[in-house]
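The values are calculated or read from the model by the stated rules, or taken from the named source; none is laboratory data. Please read these numbers as outputs of a predicted model, since none were measured by experiment. Cβ sites come from the backbone with ideal geometry, for glycine too, and all protein chains shown count toward neighbours.
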Amino acid sequence: MRALKLIVLVASCYMLQACTTNKVTVKKSEKSSRINVELGVTYMREGKYTTAMDRLQKAIRQDPGNALAYSSMALLNMRLQQKDEAEANFVKAVKLAPDNSSIRNNYGAFLCQQKRFETAQEQFMQAIKNPLYQTPEHAYLNAGKCSEDKGQAEKYFRAALRTNPIFPGALLEMARLNLELKRFLPARAYLQRLHAVQEPVASSLWISVQVEKALGDKNTMQSHALLLQRKFPDSEETGKYLQWKQNE
C-alpha cells in the first residue's frame, strides 16, 4: 500500500508540474498576443497594412480567445474594404467579449457603414447599457450619426453632451444639425462651445461661414472663410466654399 501511495504522489507531482508549466506557457502566449495586437494597431495607424495583418494574425494564433485581436483585425479589414472578413471578425470578438462596449461600438460603426442601421443601433445601445463603459459619449455620437431621423439624432447628440459637455464630436454635430434645421443662433452657440475646447477644423469653419452668412455677420464670415482657406487649402470644405462663393 505504501508503494502504491508513493506512485500516486509522484504521478500527482508530475501532473502538478505539467499544469504549472502549461499555465506559464498560456500566460506567455496571452502576453505575446496582446503585444502583437498593440503592434498591429500601431502599424495600421501608420498605413503599414501588410505588417499590421501579419502581427494581428500572429496575435490570433497565439491566443484564439483574444477578443481585441479579432476586433483589431476587423478594423483592418474595414480599411482594406474586406467587408465579409470584417463582419466575421467582429462577430467573433463580440462573442468572446460581449461586455466590451468599445468592440460593440466599433461593430455598430461598421454596420452603419453597410447601411444596416437598425442592427447598428442595437450594437450602440448594447454598448451604452454597460455601466462600466468609460466613454459612452462615443456610442451616443455614432448612434446619432447613424440615425436617419433628425429628431432621433438630436436626442443622441444631446445625450452625448450630457455625458461629456465638452465632447467635440457632439458639439460639431449639433452645430451641423442646427444649421440644417435653419436654427442659426443655436448653431453659432455650439460652434463657440466647440472652438473654446478645440482649435477650429475645416468642417467647423465651413459650418461657421454658412451660419454667419445667414445671421448677417459678414466680418466673422469672412474671417472664418479666410482661415478655412489658409489652414485647410486642400480640404473638401474649402472646395465647397469656393464653389459656393462662385455661385453667389
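Some observations on this one:
- Of all the listed residues (Trp206, Trp244), the sole one being under 30 Å from Gln114 (Cα atoms) and among the hydrophobic types (A, V, I, L, M, F, W, C) is Trp206.
- Taking region 36-54 as the range and being farther than 23 Å from Ser101 by Cβ, within 21 Å of the chain's Cα centre (by Cα) and without any contact (Cβ under 8 Å) to a residue 12 or more places away in the chain as the test, the residues that pass are Glu46, Gly47, Lys48.
- Any hit, region 147-170, residues being surrounded by fewer than 18 Cβ atoms within 10 Å (Cβ to Cβ) and over 29 Å from the mean Cα position of the chain (by Cα): no
- Evaluated against (1) surrounded by fewer than 22 Cβ atoms within 10 Å (Cβ to Cβ); (2) under 26 Å from Ala67 (Cβ atoms); (3) over 14 Å from the mean Cα position of the chain (by Cα), Tyr133 falls short on exactly one condition, (3).
- Scan region 146-184 for residues that are part of a helix (DSSP H, G or I), of a type outside the set (Ser, Thr, Tyr) and within 19 Å of Val197 (Cβ to Cβ) and the total you get is 17.
- Cross-chain or 6+ apart pairs with Cβ under 7 Å, region 55-71 first and at negative phi, then among the aromatic types (Phe, Trp, Tyr): Arg55/Tyr43; Ile60/Tyr70; Ser71/Phe90
- Which listed residue is surrounded by 21 or more Cβ atoms within 10 Å (Cβ to Cβ), at negative phi, modelled with pLDDT of 95 or more and not aliphatic (A, V, I, L, M), from Glu180, Glu212: Glu212
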